[in-house]
Structure formats: structure tokens, C-alpha cells
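Structure record follows, encoded as C-alpha cells.
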Amino acid sequence: MLSIELARRLRRSGLTWSPQLHDTFHIPDRNLDDRVFVLADLTIDIHHLDGHAAIMFNGAVEWSLDYILQQDVVWVPSESQLRDLLGDRLVALTRGGDGYRCTIAVGGRGEVNFDADSAPDAYGTALLHLLEAGNEPTS
């Protein structure tokens, strides 16, 4: 899974999220730092309140949170979502002794490598580079 800190950095860099079933997200600043939530049919889903997407918690939840606005959570993209966002810029993901290397094509500069301990973090670091350079994700 993508690290929460990298997910936060992606959000700050402009990565947008259109919530879909089975997406994962983190709720910051609510004493829930060690938890990641999943949008699911029965327990957590999306509703629209006053023009804002609201993530609704259905049924009994031990910490009594009925809903939270999308803008107050951090999307934690899955490995496949990160690959999709990199799109045709993705050249390769390779595994080495110390982790993973994501190679992307960057217009005019050839290929650039990003190393991380996990595949999602390698993809995420490459995506962060594109966002910070002003390149929009491809999906």
C-alpha cells in the first residue's frame, strides 16, 4: 500500500480524487493515524451534501463518525490506480535488492528513475514528480 505521507504529498501537489467503490482513504487529525478505510457497498459510501461529496459511515462505528467531507480525507491510491495515473509515461517497474524502481518517460529528458521500498511508493514518487513539474496525470 502507498505510504500515508506520500498520499498526503500527492494530494498537496494537486492529485484529484473522484471516489469510487473500493478506494482506500485515510482520515487525518482524528486520532485514526494507524487506520485506512475502504469505500464499500455496505459500510462506507459516497453521498452528496450541499454540493460536496460526503463519505458516509453506515451502521455502528465504534468512534461514532456519521460522515466526513471528501476534502477532509486523504485518498490512498492503489498500485493499479497509480499505474493508471502514470499511463503511457510508465516505462517499467523493476525489483532490485533494495526495493523497487519505477522508470517513466519525461518529455525531452528521456527516462527518469524513482526508487522506493515498495512498488506503490515507487509509482507514487514518480507521479509526485510529474505533478510537481506541472504535468497532469493521464487518467
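Express the carbon and sulfur contribution to the solvent-accessible surface of the chain as a percent, rounded to the nearest whole number, probe 1.4 angstrom.
45 percent
Need the full-extension length gain, residue 129 to residue 111, defined as separation in residues times 0.36 nm minus the C-alpha distance. One decimal, nm.
Extending this stretch completely gives an extra 5.2 nm.
Mind listing the phi-derived Karplus ³J(HN,Hα) values for region 74-79, rounded to whole Hz, using 6.51, -1.76 and 1.60 with θ = phi - 60°, and x for any glycine or proline?
Running phi through 6.51 cos²θ - 1.76 cosθ + 1.60 with θ = phi - 60° gives 10, 5, 10, x, 6, 4 Hz.
Find how much the distance from residue 136 to residue 31 grows on full extension, using 0.36 nm per residue of separation minus their present alpha carbon separation; answer in nm with one decimal.
Computed gain between residue 136 and residue 31 is 34.5 nm.
With springs connecting C-alpha atoms under 10 Å apart, model the chain as a Gaussian network and identify which of 84, 121, 34 has the largest mean-square fluctuation.
Looking only at 84, 121, 34, the largest GNM fluctuation is found for 34.
Shape of region 75-126 from its Cα gyration tensor (a ≥ b ≥ c, root eigenvalues): rounded if a/c is under 1.5, otherwise prolate when a/b > b/c, or oblate?
oblate
Return the sequence-ordered ³J(HN,Hα) values of region 20-35 in whole Hz as given by the Karplus equation 6.51 cos²θ - 1.76 cosθ + 1.60 applied to θ = phi - 60°, using x for Gly and Pro.
Ordered by residue, 3J(HN,Hα) equals 10, 3, 6, 5, 10, 8, 10, 10, x, 6, 9, 6, 10, 4, 9, 10 Hz.
Obtain the radius of gyration and the Kirkwood radius of the chain from its C-alpha atoms and give Rg over Rh.
When Rh is taken as the Kirkwood radius, the ratio is 1.02.
List, in order, the whole-Hz ³J(HN,Hα) value for each residue of region 4-16 obtained from phi through the Karplus relation with A = 6.51, B = -1.76, C = 1.60 and θ = phi - 60°; use x for Gly and Pro.
Along region 4-16, the couplings run 4, 4, 5, 4, 5, 5, 4, 4, 4, 7, x, 5, 9 Hz.
Note down the magnitude of the dipole of the chain about its Cα centre, charges +1 on Lys and Arg C-beta and -1 on Asp and Glu C-beta and zero elsewhere, to the nearest 20 debye.
420 debye
Does region 4-43 come out rounded, prolate or oblate, given a ≥ b ≥ c as the square roots of the eigenvalues of its C-alpha gyration tensor, rounded meaning a/c under 1.5 and, failing that, prolate meaning a/b above b/c?
Note, shape of region 4-43 comes out oblate.
With a cut-off of 8 Å between alpha carbons and a minimum separation of six or more residues, what is the relative contact order of the chain in percent?
Once divided by the residue count of the chain, the mean separation gives 25 percent.
Could you give the accessible area per residue of region 70-132, probe 1.4 Å, as a whole number in Å²?
48 Å²
The values are calculated or read from the model by the stated rules, or taken from the named source; none is laboratory data. Note that the structure is a prediction, hence the values are computed from the model and not measured. All Cβ positions, glycine included, derive from the backbone under ideal geometry; neighbour counts span all protein chains shown. Please note that ligands, DNA and RNA were not included when accessible areas were found on the heavy atoms of the full protein model with its side chains. Shrake-Rupley method; radii C 1.70, N 1.55, O 1.52, S 1.80 Å.
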